[in-house]
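Just so it is clear, none of the values below were taken in a lab; they were calculated from the coordinates. Everything quoted here is computed from the prediction, not taken from an experiment. When we count neighbours, we look across all protein chains shown, and the Cβ atoms used for this are built from the backbone with ideal geometry, even at glycine.
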Amino acid sequence: MKLFILFLLMLAPCPAFAVSSPFAPQSGKTLLLVGQDRDTIAHYVSATGNTPGGTMFYTSIQNMDGLAGEADYGSGPQDAQALLQTYPNSVIQVGLYMVDALDKTYSGAYDANLKTLAQWIKKAHRPIYLRIGYEFDSPLNHYNPQQYKQAFRYVVDFLHKEGVDNVAYVWHSYCAQYPDQHWMDWYPGDDYVDWFGASIFSTYQISYASNFLKLARKHHKPFMIAESTPWGMYTLVAKVDWLKHIFNFIKDQNVEAFCYIDSNWEVMPMFKGQHIGDARLEENSQIKDLWLKEINKDRYLKASSDLF
């Protein structure tokens with residue numbers, strides 16, 4: 001009987017892409033988010049007259065910095081409460097830093113911090129996209145795959161037990177110079193991952209992100225560009241080329257969320273001198289016009305009273 005049922009299931013039509021994850025937009029729509037700190041976002045909104053559908057925020061499993069008040073490590077003020085109050089019609093994407101904290105996480109050392117996070121998420125009363133241990137495959141983070149998976153699952157299980165139901169769990173890849181890495185070594189499992197995410201800082205990364213997106217589709221998960229900025233690009237030509245590649249990728253691959261970091265990296269103490277450049281869209285009229293022409297299309301979801 002089991003074999004017969006399996007045979008019938010194999011004959012049944014299968015949709016090319018069936019998303020069952022929370023807070024995924026309708027097909028053909030892309031949720032637009034801007035970050036990555038309070039002041040950068042405020043400057044973007046003021047200069048463009050455009051409030052994005054989501055904002056970005058970072059905290060750590062070790063301290064839960066910036067949830068109750070401002071925290072600044074040299075990359076702009078992280079201020080979760082300000083984002084909640086200033087942008088009531090926008091979602092929030094949270095990067096949860098976990099470097100050198102994986103074993104302590106699943107041993108329960110940070111349970112009090114996770115409880116604080118759970119309470120904050122519930123009080124937010126909006127969709128929260130949580131990137132647990134973001135850029136899991138980055139050499140800078142040196143995450144052990146087995147420990148990473150265990151810590152990821154622990155965080156998800158903990159928040160479930162706390163009654164959190166307005167969060168989507170994002171598995172976020174560095175997607176860069178290491179195409180031979182086996183992403184699935186870090187995969188916590190379909191029951192724990194709601195979204196796949198990737199960083200795109202250069203045009204050559206798009207090919208890696210495309211492969212990661214194919215993996216997302218294979219697992220029937222929506223895909224977000226979780227962090228993006230034109231890294232190390234100083235000329236107008238380079239920045240315009242980068243933006244056009246990004247927009248084409250979003251359209252061609254039906255990317256469900258796009259998170260742009262609109263920062264002047266050269267003035268931030270954490271990044272000063274690393275030759276990242278000024279990624280602010282509003283500082284050049286040609287780039288600003290290109291940006292606004294694209295994101296004002298019907299595809300892009302921005303702040304709205306009926307967004308969620």
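Of all the Cα-Cα pairs you can form in region 73-149, what percent are over 20 Å apart?
Cα-Cα pairs of region 73-149 separated by over 20 Å account for 42 percent.
Taking amide H atoms as placed 1.01 Å from N in the peptide plane, list the residues 5 or more away in sequence, or in a different chain, whose amide H sits under 5 Å from that of SER138.
TYR174
Can you run phi through the Karplus equation (6.51, -1.76, 1.60; θ = phi - 60°) for region 185-191 and list ³J(HN,Hα) in whole Hz, with x for Gly and Pro?
Result, rounded to whole Hz: 4, 9, 6, x, x, 4, 6.
I need the helices of the chain that pass two filters: whole DSSP H segments spanning 18 Å or more by Cα along the axis, and mean Kyte-Doolittle score no lower than 0.0.
236-253
Mind putting a number on the dipole of the chain about its Cα centre? Charges go on the C-beta only, +1 for Lys and Arg and -1 for Asp and Glu, and I need it in Debye to the nearest 20.
840 debye
Treating only the Cβ of Lys, Arg, Asp and Glu as charged (+1, +1, -1, -1), what charge dipole size does region 128-176 show about its Cα centre? Round to the nearest 20 debye.
80 debye
What shape does region 130-239 take by its C-alpha gyration tensor, where a ≥ b ≥ c are the square roots of the eigenvalues and a/c under 1.5 counts as rounded, a/b above b/c as prolate, and the rest as oblate?
prolate
For the pairs LYS244/LYS297; LYS29/LYS149; LYS115/LYS302; LYS122/LYS221, flag any whose C-alpha to C-alpha distance is greater than 22 Å.
The pairs that break the limit, which is 22 Å between Cα atoms, are LYS29/LYS149; LYS115/LYS302; LYS122/LYS221.
Treating only the Cβ atoms of Lys and Arg (+1) and Asp and Glu (-1) as charged, compute the dipole magnitude of region 60-141 about its Cα centre; round to the nearest 20 debye.
Dipole size: approximately 440 debye.
Provide the per-residue ³J(HN,Hα) series for region 89-101, in order, calculated from phi with Karplus coefficients 6.51, -1.76, 1.60 and θ = phi - 60°, each as a whole number of Hz, with x at glycine and proline positions.
Listing the rounded values in order: 10, 10, 7, 10, 9, 10, x, 9, 6, 9, 4, 6, 9 Hz.
Find which of ASN144, HIS160, LEU83 sits farthest along the positive direction of the dipole of the chain, computed with +1 on the beta-carbon of Lys and Arg, -1 on that of Asp and Glu, about the Cα centre.
Ranked along the dipole, the leading option is HIS160.
Determine ³J(HN,Hα), in whole Hz, for all residues of region 69-86 in sequence, where each value follows from phi through the Karplus function 6.51 cos²θ - 1.76 cosθ + 1.60 and θ = phi - 60°; x replaces Gly and Pro.
x, 5, 9, 9, 10, x, 10, x, x, 8, 8, 4, 5, 5, 5, 4, 7, 7
How long is the gain from GLN85 to GLU70 if the chain were fully straight, where each residue apart is worth 0.36 nm and the alpha carbon distance is subtracted?
4.0 nm
Let me know the Kirkwood hydrodynamic radius for the chain, please, with Cα pairs as the basis and the value in Å to one decimal.
After inverting the mean inverse Cα-Cα distance, the result is 19.9 Å.
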